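Read through the structure below, which is laid out as structure tokens, and then see the notes.
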Amino acid sequence: MSRQFHQRRTPLQRSLGAMCVVAGLWGGAAAAADLVEPVTFTSSYGVLDILMVAKAQPVPGLAFTPPGGGAAINPTGWVYEICKRRGSETSCPAGTGTVADYGGVRLALNQGDTLKVRLVNKLPVVSAAKLKHATEPGQANLFLNPTNLHTHGLLTPARAATRNDPTFGDFVFVSVFNSANGIPVPQATHQHGPIVMDSVDYKIPIPRNHPTGLFWFHPHIHGIALNQVTQGMAGIITVGKAGDNIRGDAARSPWPEANVRHMMLKDSQVLAAGTIGFDSGDQTVVDGEILHQQDPDFCTQLPESPAEDRRGSCPGADNSKDEEPGNNYTGGRWIHTVNGQQFPTVRITDPDGEIWRLTNASASLSYDLRLVDDTTQKPMVMQLVAVDGVSIHLPQDAAMDSVVTMAGARFKVVKCPPVPGSTLRSLPVCVSELVMMPSSRAEIWVTYRDQNGRVAAPPSGATATLKQAGLTMGSGDMWPAVDLASVVFQAGGARRLTSYALDIQGDAFNSMQANGIFSAAVPDTDRASLRADCTPLAPGHRRRIFFGFSDVAVADTFALGYEEVDYKGEVVAGTQRPLTQFDPTQPTVCLPLGPGQTPVHETWELVQLSTENHNFHMHQARFRQVRKSAAANSMMAERLGSYRGAGIVLDNVVLGVAEPTQAISDQVFNEQNGVCTVEQWRSGQCKSEAVTVDIPFAQIGEFIYHCHILEHEDGGMMAGIKVVPHSGWSGGWRHWWYTHYSRAD
Ligand SMILES: [Cu+2]
């Protein structure tokens, strides 16, 4: 939500992407159920073939007793019912092979596998009054509740169905409608692509050189993605094994799978019966209804009193008497779960600790996570293993400020305690705080450590609390503080690891090598149906993307702008596209692969015009944050000393906030809803340093880039991109240039 901009805020902590962190005040462990791993569906003989039925059903894990007692409130959410597919059925049989957890499942794949999914839509109709975008161009069918599937972070083609192959790849423009809800009406503009009734089949290949890692799936229908995710529709995908890149200690190499935990963070805002008021047009709700448009003001950011229980949830607030009146959520609760459980207990029983694989599967909420020692009340030190699913790779001589930049300023990086007798080949990265915007993943090694951060045997009764400390997104949303899980260190026996840090030699490096996915020829381009009708970005040029509003005078007109910049930094005439809300029929960017169908590296500048944070995400790609001075289109834009590794490859990155100068009056800036215009940025009236990324494009198809705060994405902060096969010699001099120079660095 972009709140009315009232005052200039002081520049916020740079190290955390200009987000402001608040501290939680309560704590302590309480008896709760042990955290359960998500149910896993594993591929066999190279295939995982599943049926996924999207449907409404009660979610016992979100139930709670209203304040003052009375009958429990039992929410109904939307979940994926999943089972292995046997034939052409469209529903899963009752029994143990079928899972329909709000907490989500894990699809366990390996490199070279194919994920086959039949997605069936059995979702209910949604009253148009509860949808924010039902009256926008092309959105008249939204109330029918169409859905689809996106495999976030997988490097796989964004392929549409053809006459010869009716299955789709990871293609977000297809919509599957539930015919029981009615028949969609053709749209005159902004038509979203193919319409399929009742079920759609996906065939998603995992390339043989795909990085090992942690990915996830969720629906991606523009205008209703937020609703479907916050109602519960998401799960995780793993490729390979978490320990594939943890080496260097013979005692525990490879890292045992039993010491790996998957933790999916999901939240829903559950309402108690009544009229919730202003923001929602005096909407009347029933007990257990989940709020469709997540409201960051559902709870106060911090508890009103120290006695307020925020273990796994926070109480609904009454915002009806505020200066700008909001909804009254009294009696409701905002439930924050781990794998669908409210404040579970995590028991660490192995003296060598565990790898935690965290996914922020929230629609719009950003986390600031800390593991706080219950005795000292200090955040514990953890070792960073992977970012956005892919293991990091840092040489011993990597500079700490480079590490912070490369990680997208998402972590509070602290000095790792010295490792006695170290024979590590990599630089261990220690963190005490993790900022996770929607869709981001982080993997950490958690083991008991003393006050100085040194690995130690836990004293009897040692506990900690995994806390969401609360986070303010510049002038935008204020996410509440909530305790997520209790951690009990019960390790008995002696350590087997001989080292006090893990040696991470990650796929962030391997993916950039000659046979890696960002260098080797892209397979199957000859079979692509896409016409190769676009030209490559000229040598030395960059693309610049603006994040702001299509009309700053109108609140929440979330949009992206575009221009091409030449090697001198000047705008290339004719390339500019004003800030525009998403139109699926008008892709902004088109580029061909390189000669020999090889990946193409481009440099993109991401320019923030808003005073609230955004989170850039590119489908079918990963990218590295590079220095602004980096040579455009260079393979290794940032050098770390003599080292040419990739360091950290992200699939989403935090954009800091724009800062208006005194040249713009408060009144004018309020009228602009706290968002700068491109002209104000160009003239220096608004300060905003671009985030520069090097993006290797290694997948063909039609896909998108967008802000992963789904409120903003549904609101229009998204654009289309097309990557097509290289068309041989027709590129002329450009082809010659690419062949001779583009890899010269
Ligand atoms: Cu955003």
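Of everything in region 382-401, what is part of a loop (DSSP other than H, G, I, E, B) and surrounded by fewer than 23 Cβ atoms within 10 Å (Cβ to Cβ)? Give them in sequence order.
Scanning region 382-401 gives GLN396, ASP397, ALA398, ALA399.
Kindly provide the set of residues from region 354-368 that are within 25 Å of ALA457 (Cβ to Cβ) and either buried (at least 24 other Cβ atoms within 10 Å of the Cβ) or of a type in the set (A, V, I, L, M, F, W, C) (or both), ordered by number.
ILE355, TRP356, listed by residue number.
Can you give me the ranges of the strands (runs of 3 or more DSSP E) entirely in region 177-281 with at least 3 residues that are buried (at least 19 other Cβ atoms within 10 Å of the Cβ)? I'd like the intermediate steps shown before the answer.
Numbers: elements: 195-197, 199-205, 213-218, 235-239, 260-270, 274-277.
In region 177-281, the matching strands (runs of 3 or more DSSP E) lie at 199-205, 213-218, 235-239, 260-270.
Kindly indicate whether any position in region 464-472 is in contact with a Ser or Thr (Cβ under 7 Å, 6 or more places away or on another chain) and buried (at least 22 other Cβ atoms within 10 Å of the Cβ).
Yes: region 464-472 contains one or more residues that are in contact with a Ser or Thr (Cβ under 7 Å, 6 or more places away or on another chain) and buried (at least 22 other Cβ atoms within 10 Å of the Cβ).
What pairs come out if I take residues in region 268-282 that are at pLDDT below 80 and pair them with residues that are assigned to a strand (DSSP E or B) and surrounded by fewer than 18 Cβ atoms within 10 Å (Cβ to Cβ) whose C-beta lies under 6 Å away, six or more apart or interchain?
ASP282/THR275
Please list, ordered by first then second residue, the pairs with beta carbon atoms under 7 Å, 6 or more apart or interchain, first in region 693-718 and in contact (Cβ under 8 Å) with a residue 60 or more places away in the chain and of a type in the set (A, V, I, L, M, F, W, C), second more than 10 Å from the ligand (Cβ to nearest atom) and assigned to a helix (DSSP H, G or I).
ILE700/THR525; LEU710/ALA225; LEU710/LEU226; LEU710/VAL229
What number of residues within region 427-476 are in contact with a Leu (Cβ under 7 Å, 6 or more places away or on another chain) and of a type in the set (Lys, Arg)?
2
State whether one or more residues within region 664-677 are touching a residue at least 40 places away in the same chain (Cβ under 8 Å), on the phi > 0 side of the Ramachandran plot and buried (at least 23 other Cβ atoms within 10 Å of the Cβ). Spell out the reasoning first.
Start the filter on region 664-677 by keeping residues that are touching a residue at least 40 places away in the same chain (Cβ under 8 Å), which leaves 666, 669-677.
After this cut, where a residue has to be on the phi > 0 side of the Ramachandran plot as well, the list is 673-674.
Still in the running and buried (at least 23 other Cβ atoms within 10 Å of the Cβ): 674.
Yes, there is a match, as at least one residue in region 664-677 is touching a residue at least 40 places away in the same chain (Cβ under 8 Å), on the phi > 0 side of the Ramachandran plot and buried (at least 23 other Cβ atoms within 10 Å of the Cβ).
I want to confirm something. Restricting to region 512-540 and keeping residues that are acidic (Asp, Glu) and in a loop (DSSP other than H, G, I, E, B), which single residue is surrounded by the most Cβ atoms within 10 Å (Cβ to Cβ)? Give the steps one after another, and end with the answer.
Residues of region 512-540 acidic (Asp, Glu): 524, 526, 533.
Imposing the further condition that a residue be in a loop (DSSP other than H, G, I, E, B) reduces the set to 524, 533.
Working: ASP524: 13, ASP533: 11.
Per the stated criteria, the residue is ASP524.
Keeping to region 461-486, report how many residues are under 25 Å from the mean Cα position of the chain (by Cα), part of a strand (DSSP E or B) and not polar (S, T, N, Q).
9
Keeping to region 534-560, report how many residues are out of contact with any helix residue (DSSP H, G or I) (no Cβ under 7 Å at 6 or more places or on another chain), within 19 Å of ALA719 (Cα to Cα) and not polar (S, T, N, Q).
13
Can you go through ALA553, ALA573, ALA559, ALA621 and tell me which one is away from the ligand (no atom under 16 Å from the Cβ), in contact with a Leu (Cβ under 9 Å, 6 or more places away or on another chain) and either of a type in the set (Ser, Thr, Tyr) or on the phi < 0 side of the Ramachandran plot (or both)?
Sole residue among the options that is away from the ligand (no atom under 16 Å from the Cβ), in contact with a Leu (Cβ under 9 Å, 6 or more places away or on another chain) and either of a type in the set (Ser, Thr, Tyr) or on the phi < 0 side of the Ramachandran plot (or both): ALA621.
Can ALA442 be described as among the aliphatic types (A, V, I, L, M), within 30 Å of ALA307 (Cα to Cα) and out of contact with any helix residue (DSSP H, G or I) (no Cβ under 6 Å at 6 or more places or on another chain)?
The answer is no for ALA442.
Among the residues of region 663-719 satisfying the criterion of being more than 19 Å from the chain's Cα centre (by Cα), part of a helix (DSSP H, G or I) and over 16 Å from ALA553 (Cα atoms), which is nearest to the ligand (Cβ to nearest atom)?
So the residue we want is TRP681.
Could you check region 402-459 and list, in sequence order, the residues that are polar (S, T, N, Q) and either closer than 30 Å to GLU713 by Cβ or part of a loop (DSSP other than H, G, I, E, B) (or both)? Spell out how you get there, then give the answer.
If we filter region 402-459 for residues that are polar (S, T, N, Q), which is where we start, we get 402, 405, 422-423, 426, 432, 439-440, 447, 451-452.
Matches in region 402-459: THR405, SER422, THR423, SER439, SER440, THR447, GLN451, ASN452.
Return the total of residues in region 312-331 being under 24 Å from LEU369 (Cα atoms) and either small (Gly, Ala, Ser) or surrounded by fewer than 24 Cβ atoms within 10 Å (Cβ to Cβ) (or both).
Residues flagged as under 24 Å from LEU369 (Cα atoms) and either small (Gly, Ala, Ser) or surrounded by fewer than 24 Cβ atoms within 10 Å (Cβ to Cβ) (or both) within region 312-331 amount to 5.
When you check GLY548 against the structure, is it within 16 Å of the ligand (Cβ to nearest atom) and in contact (Cβ under 8 Å) with a residue 60 or more places away in the chain, yes or no?
For GLY548, the condition - within 16 Å of the ligand (Cβ to nearest atom) and in contact (Cβ under 8 Å) with a residue 60 or more places away in the chain - is met.
When you look at ALA520, is it under 27 Å from the mean Cα position of the chain (by Cα) and within 30 Å of ARG163 (Cα to Cα), yes or no?
Yes, satisfied.
If you scan region 450-485, which residues turn out to be basic (Lys, Arg) and at pLDDT 95 or above?
LYS467
Can you tell me which residues in region 592-614 are within 30 Å of ASP556 (Cβ to Cβ) and either within 16 Å of the ligand (Cβ to nearest atom) or of a type in the set (Val, Ile, Thr) (or both)?
Of everything in region 592-614, those that are within 30 Å of ASP556 (Cβ to Cβ) and either within 16 Å of the ligand (Cβ to nearest atom) or of a type in the set (Val, Ile, Thr) (or both) turn out to be LEU606, VAL607, GLN608, LEU609, SER610, THR611, GLU612, ASN613, HIS614.
Which of (1) within 16 Å of the ligand (Cβ to nearest atom); (2) modelled with pLDDT under 90; (3) among the charged types (D, E, K, R) does ARG734 not meet, given it meets every other one?
Condition not satisfied by ARG734: (1).
Are there any pairs with C-beta distances below 9 angstrom linking a residue in region 51-68 that is touching a residue at least 60 places away in the same chain (Cβ under 8 Å) to a residue that is among the polar types (S, T, N, Q) and part of a helix (DSSP H, G or I), with the two at least 6 apart or on different chains, and if so which?
Cβ pairs passing all conditions: ALA54/GLN228.
So how many residues does region 585-614 have that are closer than 28 Å to VAL522 by Cα and either of a type in the set (Asp, Glu) or not in a loop (DSSP other than H, G, I, E, B) (or both)? Give the derivation first.
If we filter region 585-614 for residues that are closer than 28 Å to VAL522 by Cα, which is where we start, we get 585-606.
Applying the additional criterion that residues be either of a type in the set (Asp, Glu) or not in a loop (DSSP other than H, G, I, E, B) (or both) yields 589-592, 594-598, 600-606.
Residues that pass the stated criteria total 16.
Could you tell me how many of the residues in region 369-383 are farther than 14 Å from THR465 by Cβ and either at pLDDT below 95 or polar (S, T, N, Q) (or both)?
Residues meeting the conditions: 1.
The values are calculated or read from the model by the stated rules, or taken from the named source; none is laboratory data. Keep in mind it's a predicted model, so treat the numbers as computed, not measured. In this analysis, Cβ positions are derived from the backbone assuming ideal geometry, glycine residues included, and neighbour counts consider all displayed protein chains.
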